[in-house]
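As structure tokens, the structure follows; a few thoughts come after it.
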Amino acid sequence: MGYGFLEWKNPPHYTALSGYEWIDDYLNAGEIQKEILFMREKKSEVRKVQASKRDMVARFKSSWEAYEQKRIAYLAKILRETNSGSRDPFSRLLHVTSRNPQWERVCTNVAWSDVKAAIDLIFAERTGETLTDAEREKRITELDQLIDELKGQLKESSPAGYFKIVRGEIAEDYRQTFITHWRHVQGQCNAPCGPHGVAISKSPPEEQDAYSRLGISSAISKNIGAKSPLPESQFEEIPRTWGM
């Protein structure tokens, strides 16, 4: 058994939303958002697929060559600034730069043959899917196009009147605020209730339909101490007895 009845609740934006004509668009928008999330997850998966060996070698070779050019140029800069008249200029060079972290830019010298051997080892041990750069770009472009189409559909299912806009950004979806309130009220109650905390059987037909379609019943409290819904609206007219 519960402990008494709920207190009367005042749902946010109830006057604007009590017709429940927004439910079709709201539910459709929810499905579209799920599709967009799925497409973004697919994009993430595509990005993680191993590059083809040919493209990987080409990319690393180009990067390695650029690195080597920068390394030699930086070494030339250091030698130019070092006293070349020293009898042992290289020892002097090491002494001057030993405490300089940038010296690593010169000393870290990885041979291209080592890089290529490492890539060979990666592909010798790999049996899964690989993608060329062109294939990866094509798949991502196709997914981006699908996401853009879904965003267009989402906009159609999201009439501006249901949103609070602050500095050009959506700050609140009134429908979501209302549903969150209703679920919170239902979560305090041991039987189906409307957004005011009144038994759902007392709600108008469109509200009872909304209760079902929005899945509010999943929030019914299982707590033994949960309260019961109000048996009637506090604004419901009570028949008067003659003489009273």
Checklist entry - Once the piece of chain linking Glu172 and Glu129 is laid out straight, how much longer is it, given 0.36 nm per residue of separation minus the C-alpha distance between them? => result 11.2 nm
Item to check | Amide H contacts under 5 Å for Glu172, placed H, 5+ residues apart | outcome: Lys164
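Using a Förster distance of 30 Å, how high is the FRET efficiency between Leu79 and Leu121, based on the Cβ-Cβ distance and rounded to 0.05? Write out the running numbers ahead of the final one.
Values: r = 36 Å, r/R0 = 1.19.
E(calc), rounded to 0.05, equals 0.25.
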Checklist entry - Each residue of the stretch 10-23 in order: what ³J(HN,Hα) in whole Hz does its phi give by Karplus 6.51 cos²θ - 1.76 cosθ + 1.60, θ = phi - 60°, with x for Gly and Pro? => result 10, x, x, 6, 4, 4, 6, 10, 5, x, 6, 6, 8, 5
Checklist entry - Among Val198, Val106, Val185, whose mean-square fluctuation peaks in a Gaussian network model of the chain (Cα, cutoff 10 Å)? => result Val106
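So, R0 is 22 Å and r is the distance between the beta-carbons of Ser91 and Trp112; what FRET efficiency does that work out to, to 0.05? The partial results should precede the final answer.
Values: r = 29 Å, r/R0 = 1.32.
Once rounded, the FRET efficiency stands at 0.15.
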Checklist entry - Hey, with R₀ at 41 Å, roughly what FRET efficiency would Glu31 and Glu7 work out to, going by the Cβ-Cβ distance, to 0.05? => result 0.70
Checklist outcome for this item: Mean shadow area (nm²) of the C-alpha convex hull around the stretch 87-232 is 22.2
Item to check | Net length gained if the chain between Asp55 and Glu142 were fully extended (0.36 nm per residue, minus Cα distance) | outcome: 29.2 nm
Item to check | Length-normalised contact order of the stretch 162-225 in % [C-alpha pairs under 8 Å, at least 6 apart] | outcome: 27
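Bear in mind these aren't lab numbers, they're just calculated from the coordinates by the rules spelled out. Keep in mind it's a predicted model, so treat the numbers as computed, not measured. Virtual Cβ from ideal backbone geometry, glycine too; neighbours counted across all protein chains shown.
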